[in-house]
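In what follows, a single structure is set out as structure tokens and then discussed.
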Amino acid sequence: MKRRSVSVLLIIFVAVGIIAAWELFGPIVKSPSRKYLYIPTNASYKQVKDSLIQNKIIAGTWWFDKVSGYLNYNTNTAIKPGKYRIEDGMSVVRLVRMLRAGSQAAVKLVITKLRTKEELSKKIGDNFECDSTAFINFLNNNDSALKYHLDTNNVMTAVIPNTYTFTWNNTPARIFRKLYGEQQIFWTTIRKNKAASLHLSTTEVYILASIVEEETNKDDDKGRIASVYLNRMHQGMKLAADPTVKFAMRDFGLKRILFKHLTFNSIYNTYQNPGLPPGPISTPSIKTIDAVLNMPSTDYLYFVAKSDFSGYSNFSSGYAEHMKNAKTYQQALDSVIRLKQQSN
């Protein structure tokens, strides 16, 4: 009888041990629908537990509390904010160790062509703990920009389109500092020397490239377009770049720039103001910046889209030739418009 009792107790102890081991080390953690747990800055231990329950990552907090106590994670000072990837089937022990170590998932910030500070700020707000308002306020703060020898007009020249890796709980200042640091790496001695040979600063190259970026997506035309604008600058002509009008008006859907648009009052309107605008009108690609730096030496002063609508341009050094090319393109465009109207 005693042997049977001992055997029963032993079985019970083994069963309890197995259950406890399963609860501690077994795959009981469930991945939430969005795969991540977000712990905000200054969150408390209770907030972390509440979030785990609300997101159905764990069914209860008893074992989580026990493991957290053993691993010294059960105090507010132990909480590390961040974005944590929750894998389906994690153990409670692994979960607590990850949170205690602050082993965040990387946030990849992919920057391609952006036109405004607001667009960049929205992208930051969508990917980081700080919101878009905090980031736009940083960009629009002269004191913030002055630390990097920039101002609120040319502050976007610090942004080189690329893929950047951050942690989720970065502040606007830290995010911008990294972007600026990568920009400094981008401007190698070779690139700086090429800019100097054009009698342009790196900031001016970036601004010119931002206009070229908006003019064409044909890489083999970018250098020639850049040469047109540089030649105009050297001759004291206004750049008269249509994309600067769109930027000034914040109307990027404009298909045709009319005379009434050219009089729009803005420091970015290069029909009204000489030289380059005070800041970029887009974030040009690395290819476009390099196309500007490696532009051919030409005597071109004008360009207009080809009448075959290939996306390429006809270039000319004389106004009469330019007007001839412009008339050919306009006639082709009018013909297309008529055909569309007839088909409707």
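Measuring only protein heavy atoms, the 1.4 Å probe finds Arg34 accessible over about 130 Å². Largest GNM mean-square fluctuation across Lys255, Lys238, Lys218, computed for the chain with C-alpha springs under 10 Å, falls on Lys255.
Its Cα centre serving as origin, region 195-322 has a Cβ charge dipole (Lys and Arg +1, Asp and Glu -1) of approximately 380 debye. Which links in Lys123/Lys287; Lys194/Lys246; Lys123/Lys255; Lys218/Lys238; Lys46/Lys113 stretch past 31 Å when you go from one Cα to the other? Exceeds cut-off: Lys46/Lys113. Spin-label pair Asp88-Asn265: with each label point 7 Å from Cα along the Cα-Cβ axis, the two points sit 6.2 nm from one another.
The value given for region 202-344 is a Kirkwood hydrodynamic radius of 15.8 Å, derived from the mean inverse Cα-Cα separation.
Note on the chain: with charges restricted to the Cβ of Lys and Arg (+1) and Asp and Glu (-1), its dipole about the Cα centre is near 1360 debye. How tilted is helix 92-101 with respect to the longest principal axis of the chain? Cα atoms for both, answer in degrees (0 to 90, nearest 10). Taking the Cα atoms of the chain, the angle to 92-101 is about 50 degrees. Length gained on full extension, Ala173 to Thr328: 50.7 nm, using 0.36 nm per residue less the C-alpha separation. Apolar share of the accessible surface for the chain: 53 percent from carbon plus sulfur atoms, 1.4 Å probe. Calculation over all alpha carbon pairs of the chain in 20 angstrom steps from 0 returns a P(r) of 24, 38, 23, 11, 3, 0 percent.
Rolling a 1.4 angstrom probe over the protein heavy atoms, how many square angstrom per residue are accessible across region 174-288?
47 Å²
Across Val67, Val245, Val159, mean-square fluctuation computed from a Gaussian network of the chain (C-alpha pairs under 10 Å connected) peaks at Val67.
The residue among Thr157, Phe128, Ser310 whose Cα reaches farthest toward the positive pole of the charge dipole of the chain, with charges on the beta-carbon of Lys, Arg, Asp and Glu, is Phe128. The distance between label points at Ala320 and Ile190 comes to 4.4 nm (points 7 Å beyond Cα on the Cα→Cβ vector). Of Asp50, Asp151, Asp131, the residue with the greatest mean-square motion in the GNM of the chain, using alpha carbon springs below 10 Å, is Asp50.
Test of understanding: what is the full-extension gain from Asn76 to Lys46, defined as 0.36 nm times their sequence separation minus their Cα-Cα distance? List each step's numbers first, then the result.
Numbers: separation 30, 0.36 × 30 = 10.80 nm, distance 0.83 nm.
Roughly 10.0 nm would be gained on extension.
When the scattering of region 120-247 is computed by the Debye formula from its Cα atoms alone, each counted once and equally, what is log10 I(q)/I(0) at q = 0.13, 0.15, 0.19, 0.21 Å⁻¹? Rounded to two decimals, the profile gives -0.65, -0.84, -1.18, -1.30.
Per DSSP H run of n ≥ 4, the term is -39500 (n - 2.57); total these for the chain, divide by its residue number, and report the mean residue ellipticity at 222 nm rounded to 500 deg cm²/dmol.
Details: 15 runs with 176 residues, N = 344.
Helices in the chain give a 222 nm mean residue ellipticity of -16000 deg cm²/dmol.
Tell me the relative contact order for the chain as a rounded percent, counting alpha carbon contacts under 8 Å between residues six or more apart. Working shown, then result.
Working: 491 pairs, mean separation 46.8, N = 344.
About 14 percent, as a whole number.
Work from the charge dipole of the chain (Cβ charges, +1 for Lys and Arg, -1 for Asp and Glu, about the Cα centre) and give the residue of His322, Met237, Pro277 farthest towards its positive end. The residue sitting farthest along the positive end of the dipole is Pro277.
The values are calculated or read from the model by the stated rules, or taken from the named source; none is laboratory data. No experiment lies behind these values; they were computed from the predicted model shown. Cβ sites come from the backbone with ideal geometry, for glycine too, and all protein chains shown count toward neighbours. Note: accessible area is taken over every heavy atom of the protein model, side chains too, but ligands, DNA and RNA are not part of it. Shrake-Rupley method; radii C 1.70, N 1.55, O 1.52, S 1.80 Å.
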